[in-house]
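Just below is one structure, and these are the notes that go with it.
Each reported figure results from applying straightforward, stated rules to the coordinates on display, with no laboratory input. These numbers come from a predicted model, not from an experiment. Please note: Cβ atoms are built from the backbone with ideal geometry, for glycine as well, and neighbour counts cover all protein chains shown.
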Amino acid sequence: MALIGEKGVQRILLVTAFSAMSALLLIALFIVNEGVPFMFRYGIQGFLLSSDWDPSSGTFGIFPMIMASLWVTVGALLVGAPLGIAGAVFLSEFAPRPVMRVVKPAIELLAAIPSVVYGFIGVMVLAPLIREVFGGPGLSVLAASIILGIMILPTVISISIDSILAVPQSYREGSLALGATVWQTVHMVTVRAAKSGIIASVILGLGRAIGETMAVIMVAGNAVKIPDSPLDSVRTLTANIALEMSYATGMHREALFATGVVLFVVIIILNTVASVAMRKRAAKK
């Protein structure tokens, strides 16, 4: 470091940062360049709101995949967000510290498990159980939602714990001194003070659920239709791209890139909403 000097280290870090940003920018420009012209040529309304997806006849409506992605993502949040937040509150506020120091890293290790393993468990265990108990094909919105809900737990729990532990201890002591119970303190003081971090964890989990591909391909059933119930088989936007990109050519390939553009815009909107929510929370403080 002495040979390089402080200025040299700054330049190296600057080049590294811009390299990462440039790579992301090039990927975004490539997807936009491939997909946006198709959307305008085919018609944005027809592409987004049509229910007919038949590349062999030149019809490319992704509305069923959009609805399927929304169903699966909302279902994953209904499963993962309450469990994740409740687990974070328990580990950070009620569990002994030695237990939390062991359990938290173990939960974070779940994020390292390949998604295909979750998908395999869903196919072999969860789908037959759903088929036996509720009926239907088993490979469904419900199966995909449960699997994705489990997959986002490490993100929600880890970030929520860090946010709750960052709340000053004086907040808790002041609440208890005023006569509040432990649960009232946790519910009305600690969790509210950590709300911005908890919201961020849920938004990050939402992004993980929307972008997941392999596990969804394995457990959702991949039927191109608008779901009427959680027991219906569906195909999400990411699954559609992964299943058909290997053999797509011409307009079919452009339509899949346009689908990627839609996903890209959705992720940007989610990140913007999360940033605005956290800024408003910070302003209130």
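Observations on the structure shown:
- With the charge dipole of the chain set up from +1 on Lys and Arg Cβ and -1 on Asp and Glu Cβ about the Cα centre, the Cα lying farthest toward the positive end among the listed residues ALA17, SER69, MET214 is that of ALA17.
- Near SER50, the amide H atoms lying under 5 Å from its own belong to ILE62, PHE63; only residues 5 or more places off or on other chains count, and H is placed 1.01 Å from N.
- Nearest-0.05 FRET efficiency for MET251 and ILE12, computed from C-beta distance (R0 45 Å): 0.50
- The string of couplings for the stretch 143-156 from the Karplus curve (6.51, -1.76, 1.60, θ = phi - 60°) is 4, 5, 5, 5, 4, 5, x, 5, 5, 8, 4, x, 5, 5 Hz, one whole number per residue in order, with x for Gly and Pro.
- Working ranking of peptides 107-118, 150-161 by packing, defined as the average number of other Cβ atoms within 10 Å per residue, highest first, is 150-161, 107-118.
- Sequence-distant residues sharing a close amide H with THR59 (under 5 Å, placed H): ASP54
- Note that the stretch 16-31 has calculated 3J(HN,Hα) couplings of 4, 4, 5, 5, 5, 5, 5, 4, 5, 5, 5, 4, 4, 5, 4, 5 Hz, one per residue in order, obtained from phi through the Karplus relation 6.51 cos²θ - 1.76 cosθ + 1.60 (θ = phi - 60°); glycine and proline are x.
- Backbone geometry of the stretch 82-92 corresponds, through the Karplus equation with coefficients 6.51, -1.76 and 1.60 at θ = phi - 60°, to 3J(HN,Hα) couplings of x, 5, x, 5, 4, x, 5, 5, 5, 5, 8 Hz, x marking Gly and Pro.
- Ranked by the mean number of other Cβ atoms within 10 Å of their residues, highest first, the peptides 138-146, 20-28 come out as 138-146, 20-28.
- Averaging 1/r over each pair of different alpha-carbon atoms in the chain and inverting the result gives 21.4 Å, the Kirkwood hydrodynamic radius.
- Per-pair calculated FRET efficiency, R0 = 35 Å: SER50 and ARG131 via Cβ, rounded to 0.05: 0.65
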